[in-house]
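Here is the structure we will look at, set down as structure tokens.
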Amino acid sequence: MINRSFPILLISLLLLTSCDKEMVYDHYVSLENGIWKWNDVAVFDINVTDTLSLNNIFIQVRHSTDYPMSNLYMFVNVKGPKGQFRRDTVNLVLATPEGKWTGIGSGHLRELRLLYKSQTRFGLPGNYNISIEQAMRKAELPVSDVGVRIERIIPE
């Protein structure tokens, strides 16, 4: 006899896996004690097999409301499967000039994402390494997590 809860479990699993069709990669690195130090590098190894689709690449940050400034500069390094290298400096605006946090969240934690590269096609299959470093003048910042998300652009 089949357990009556099995069909419900199966349907639930199918729904959960089909909700985010455009997501290719989504991962966070948690920083020790919720502090991002100068020498902390968040590293993401991404295995790319699809070289035809267009993708949006996002940098994601979770920070405390104790963050002392309105922005966060970061160095983003991308290394391709054949040793290609790109380094960018990006600025993530965390608060408006009036001091209102731009990220979502409640309590002392805010989360937001920055569109790093839009409509990007990976030229070669293989392992891509993305590393992110904080580039502020403060040696320690109240940032708890740094992430990378890649979304496939689904043609309409």
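The values are calculated or read from the model by the stated rules, or taken from the named source; none is laboratory data. Bear in mind the structure is a predicted one, so any value in this text is a computation, not a measurement. Please note: Cβ atoms are built from the backbone with ideal geometry, for glycine as well, and neighbour counts cover all protein chains shown. The protein model used for the area step is the full one, side chains on, heavy atoms only, and it has no ligands, DNA or RNA in it. Shrake-Rupley method; radii C 1.70, N 1.55, O 1.52, S 1.80 Å.
Couple of notes before you dig in:
- The number of residues in the range 61-74 being surrounded by 14 or more Cβ atoms within 10 Å (Cβ to Cβ) and either in contact (Cβ under 8 Å) with a residue 40 or more places away in the chain or assigned to a strand (DSSP E or B) (or both) comes to 9.
- From I150, I132, residue being within 14 Å of the chain's Cα centre (by Cα) and over 25 Å from K37 (Cβ atoms): I150
- Taking every residue in the range 32-57 that is on the phi > 0 side of the Ramachandran plot and open to solvent by less than 90 Å² (accessible area, probe 1.4 Å) and pairing it with any residue that is acidic (D, E) and modelled with pLDDT of 95 or more, at least 6 positions away or on another chain, the pairs with Cβ-Cβ distances below 9 Å are G34/D145.
- Residues that are in a strand (DSSP E or B) and of a type in the set (V, I, T), drawn from the range 35-51: V41, V43, I46, V48
- Scanning the range 125-140 for residues that are farther than 21 Å from T49 by Cβ and surrounded by fewer than 16 Cβ atoms within 10 Å (Cβ to Cβ) gives A135, R137, K138, A139, E140.
- Residues in the range 94-124 that are closer than 19 Å to N56 by Cα, open to solvent by 40 Å² or more (accessible area, probe 1.4 Å) and either among the aromatic types (F, W, Y) or touching a Ser or Thr at 6+ places or on another chain (Cβ under 9 Å) (or both): R121, G123, L124.
- Listed by position, the strands (runs of 3 or more DSSP E) contained in the range 75-156 that have at least 3 residues being farther than 19 Å from Y25 by Cα are 85-93.
- Filter result (farther than 21 Å from G99 by Cα and among the aromatic types (F, W, Y)) within the range 49-77: F58, F75
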